[in-house]
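What follows is a set of notes on a single structure, which appears directly below.
Any read-out appearing in this document is the output of simple, stated calculations on the displayed coordinates, not a laboratory observation. If you're wondering where the values come from, they're calculated on a predicted model, not measured in any experiment. With ideal geometry, Cβ positions are generated from the backbone for all residues, glycine too; neighbour counts draw on all protein chains shown.
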Amino acid sequence: MTAQRWFHRRGSLARDGWQTVVDDTIAGWEHTGLLVAELGGEHESERLLPGGTEKLIVPLAGSFEVRVREQGEETSHSLAGRESVFHGPTDVLYVSTAAEVVLSGAGRVAVATSPTDRVLPTRRIDASETPVELRGAGGSSRQVHNFGTPEALDAARFIVCEVITPAENWSSYPPHKHDEHHPGHESRLEEIYYFEAAPSRVGGEKGSPDAAFGMFSTYSSPAGDIEIDALVRTGDVALVPYGYHGPAVAAPGYDLYYLNVMAGPDPERVWLISDDPAHAWVRETWEGQRFDDRLPYGSTEG
C-alpha cells in the first residue's frame, strides 16, 4: 500500500486539463505542489494559474509566454525554453504568491508550487544564469540545474532543481533522507520527483521514447514507512514525504531526468541530508575518479 500511495503513473494525477496535479488534496501531502501540461497543437494553448502559492515555471520542452497580473498591473515574460530536458538548462520564471498567471505557448511545461503568505518579487532567471553542477563521479556522475535553490533564487519556501542522469549512471545516491529537524545537519523536506526518460543523446538516439525508462527506489526511515521500487517513464511521479530515497538509475540506452520540488515545516529554507549509514562510504570512492565525459549536456551535443 505504501508504494501505491506515493508512486503515480503518468495520467493518474490528471485533473482540470493538466496531465499532473500534485497538491494538498493528496492525503498526507502539505508543503509542495506540481502542475504539468502540454500546451498548443491539439491541446489548449493557455492556462490560468490563480494566486495563493509561490510558483516556478519550468519549460520542459518548447517555449512559453507568461503574463503576470499583480496589484492591478500586468507584465509579460518570454521563456525561450529548450528542445527537451536533455538539452541543457532553461530559463525559468519565479512568480509571487500574490500574482495570477496566464501561461501560453507550445510544448510541455511544469509549474512547481508551494503555499505561502510571504510575497517576494517575480523574477526571471535566464538559462545562462542557471548554476550547473556536476555531481558524483564515474558511474554516479550526474548534472544538476540549480535554478531554484537558495543560492540562485530568493523564494519563500520551496527548493527546486532538476537532475540529468546519462544512460547506465546512478543518481540520488547514496540513498539519503531529509525527514528530521537537526539544525545544521538535517532539514525536514517533503519531495516530489517528476520523471522523464529518452533514448540517450550519446549512442541511443534510435530507441523509442515510449520505451525509455529508469528505476527509482525509496525505503523506510524512523520517520515513516515507505517503499517504492519502480520502473519509471516520462510523466511518472514519486512523492517522498519521508524515508530514504535513491537510487535513481538510468537504464542502458536511456537517459533519465527528474525535476525535484522540496519544501517543509522548518523555519529555514535549506537542503540538509543524512546518508543511509550503510552506504555513506560510497562517497569516498568518488575521490580520484574521472567525471563522466558525456556531461555536461548542453543545447547541442559535443
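Quick rundown of the values:
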| quantity | calculated |
| --- | --- |
| Neighbour-count ranking [beta-carbon atoms within 10 angstrom, fewest first] of Asp16, Asp24 | Asp16, Asp24 |
| Within the range 177-210: backbone nitrogen closer than 18 Å to the Glu30 label point (7 Å, Cα to C-beta) | 178-183, 187-192 |
| Where labels lie 7 Å past Cα in the beta-carbon direction, separation of Asp210 and Leu120 in nm | 4.1 |
| Given 14 as the ceiling on other Cβ atoms within 10 Å, longest exposed-site-free region of the chain for trypsin sites (Lys or Arg not before Pro) in DSSP loops | 10-117 |
| Charge dipole (the chain, unit charges on Cβ, about Cα centre) - positive-most of Val202, Ala99, Leu259 | Val202 |
| Estimated dipole of the range 1-114 in Debye, rounded to 20 [Cβ of Lys and Arg +1, of Asp and Glu -1, Cα centre] | 480 |
| Dipole axis of the range 87-235 (+1 Lys, Arg; -1 Asp, Glu on Cβ), positive-most option in Thr90, His178, Thr122 | Thr90 |
| Zone of Val202's modelled label, taken as backbone nitrogen in the range 45-88 under 13 Å from a point 7 Å along Cα→Cβ | none |
| Nearest-20 debye value, the range 2-285 charge dipole, Cβ charges on Lys, Arg, Asp, Glu | 380 |
| Estimated distance in nm for a label pair at Ala223 and Val102, the labels positioned 7 Å out from Cα along Cα-to-Cβ | 4.1 |
| Euclidean distance of C-alpha centroids, the range 95-138 and the range 59-89, integer Å | 9 |
| Order of His182, His8 under a 10 Å beta carbon neighbour criterion, fewest first | His182, His8 |
| Chymotrypsin sites (Phe, Trp or Tyr not before Pro) restricted to DSSP loop in the range 48-119 with at most 16 other C-beta within 10 Å | none |
| Percent of alpha-carbon pairs separated by more than 35 Å within the chain | 13 |
| Length-normalised contact order of the chain in % [C-alpha pairs under 8 Å, at least 6 apart] | 20 |
| Magnitude of the charge dipole, the range 142-205, Cβ model with Lys/Arg +1 and Asp/Glu -1, debye to 20 | 60 |
| Anisotropy class of the range 79-161 from Cα gyration tensor, a/c 1.5 cut | oblate |
| Cα shape, the range 38-107, gyration tensor, a/c 1.5 rule | prolate |
| Positive-end residue, the range 2-285 charge dipole about Cα centroid, Cβ charges, pick of Pro247, Ala137, Pro166 | Pro166 |
| Which of His87, His145 has the fewest Cβ neighbours within 10 Å, and the rest in rising order | His87, His145 |
| Exposed-site-free run, longest, the chain (rule: GluC sites (Glu not before Pro); DSSP loop; at most 13 other C-beta within 10 Å) | 84-150 |
